[in-house]
1. Answer yes or no: is there a residue in the range 50-73 that is under 30 Å from residue 26 (Cα atoms), of a type outside the set (S, T, N, Q) and surrounded by fewer than 15 Cβ atoms within 10 Å (Cβ to Cβ).
2. So is residue 200 in a strand (DSSP E or B) and either of a type outside the set (S, T, N, Q) or over 18 Å from the mean Cα position of the chain (by Cα) (or both) or not?
3. If you go through the range 220-232, how many residues are touching a helix residue (DSSP H, G or I) at 6+ places or on another chain (Cβ under 8 Å) and buried (at least 17 other Cβ atoms within 10 Å of the Cβ)?
4. Show me the strands (runs of 3 or more DSSP E) entirely contained within the range 43-91 in which 3 or more residues are free of Cβ contacts under 8 Å to residues at least 24 places away in the same chain.
5. Quick check: is even one residue across the range 182-201 under 25 Å from residue 78 (Cβ atoms), surrounded by 18 or more Cβ atoms within 10 Å (Cβ to Cβ) and touching an Asp or Glu at 6+ places or on another chain (Cβ under 7 Å)?
6. If you take the residues of the range 164-181 that are of a type in the set (S, T, N, Q) and in contact with a helix residue (DSSP H, G or I) (Cβ under 8 Å, 6 or more places away or on another chain), which of them is surrounded by the most Cβ atoms within 10 Å (Cβ to Cβ)?
7. Report, by residue number, each residue of the range 145-171 that is among the aromatic types (Phe, Trp, Tyr) and modelled with pLDDT under 95.
Amino acid sequence: MQEALTVYRNEKKYYLSPIESVRLQEEMQILLEPDEFSKQGSYHVRSLYFDTLNNRDFTEKGEGVRIRRKIRLRIYDTEDQKVKFEIKAKNGAYQHKSSLIVSREDAMAIQEGDYGILLDYDNETALRLYAMLTLNCYRPVSLIEYDRRAFIYPENNTRITFDSNVKSSEMELDLFEKEVPWISLPEDTCILEVKYDHQLFKPISMILEKYHLNNVSFGKYANGRPVMESYI
């Protein structure tokens, strides 16, 4: 299993009220197609985030560091047999995401600290992950889950996502655990993410402009560590 993917693109985020979310989704589905997982509505996304012993990735977000990164394992169901292992780097509004597909068994080993298993994957992303995890002493720190509905448009690889029911846990760090002591955040808020290459398709921009939205720097990982934030 040697799959890897690298993506460069723009990313903007906005807060939506529940009413705004419903209305905007109704408009988007006229213009855009739902992605393959959203044809019947929303779907679950669960990620296990890693950070260094001194929580560098977490603190850099709060300090406003322009160039930063996140490392995570991601699934869409606790029964998934394939898992995404991702490095997401950001430079302002631009993101660069590299993904490696690993087996369920390897993901379980990785979350227990067995990073050497990445050396069995013969590609650059696996080697980068191994070096970053070992040299910087990364370990699992936060589990994040939410419901997502996504729309896509082929022009400039456009992807519009609506994320709701965002919740986190710093106590349970097993990616595949079914019973998790969640903390919900933020309540009654939907997070709109607009991702595209080069330039956003004009009809989409015109729809978004009607809602007078303000771009925000919300990060699910940064907001998903309330215990750590209180400690700091």
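The values are calculated or read from the model by the stated rules, or taken from the named source; none is laboratory data. As the structure is a computational prediction, the values presented were derived from the model and not from experiment. Every residue, glycine among them, receives a Cβ derived from its backbone with ideal geometry; neighbour counts consider all protein chains shown.
1. So in the range 50-73, the residues under 30 Å from residue 26 (Cα atoms) come out as none.
No, every residue in the range 50-73 fails to be under 30 Å from residue 26 (Cα atoms), of a type outside the set (S, T, N, Q) and surrounded by fewer than 15 Cβ atoms within 10 Å (Cβ to Cβ).
2. Numbers: in a strand (DSSP E or B): no; either of a type outside the set (S, T, N, Q) or over 18 Å from the mean Cα position of the chain (by Cα) (or both): yes.
So residue 200 does not fit the description; no.
3. Here the count works out to 3.
4. Details: elements: 43-51, 67-75, 82-91.
Once the strands (runs of 3 or more DSSP E) in the range 43-91 are filtered for at least 3 residues that are free of Cβ contacts under 8 Å to residues at least 24 places away in the same chain, what remains is 82-91.
5. yes
6. Taking the range 164-181 and keeping what is of a type in the set (S, T, N, Q), we get 164-165, 168-169.
Adding the requirement that they be in contact with a helix residue (DSSP H, G or I) (Cβ under 8 Å, 6 or more places away or on another chain) leaves 164, 168.
On the way: 164: 16, 168: 24.
So, considering only residues that are of a type in the set (S, T, N, Q) and in contact with a helix residue (DSSP H, G or I) (Cβ under 8 Å, 6 or more places away or on another chain), the one surrounded by the most Cβ atoms within 10 Å (Cβ to Cβ) is 168.
7. Filtering the range 145-171 for residues among the aromatic types (Phe, Trp, Tyr) gives 146, 151, 153, 162.
153 - this is the single residue of the range 145-171 that is among the aromatic types (Phe, Trp, Tyr) and modelled with pLDDT under 95.
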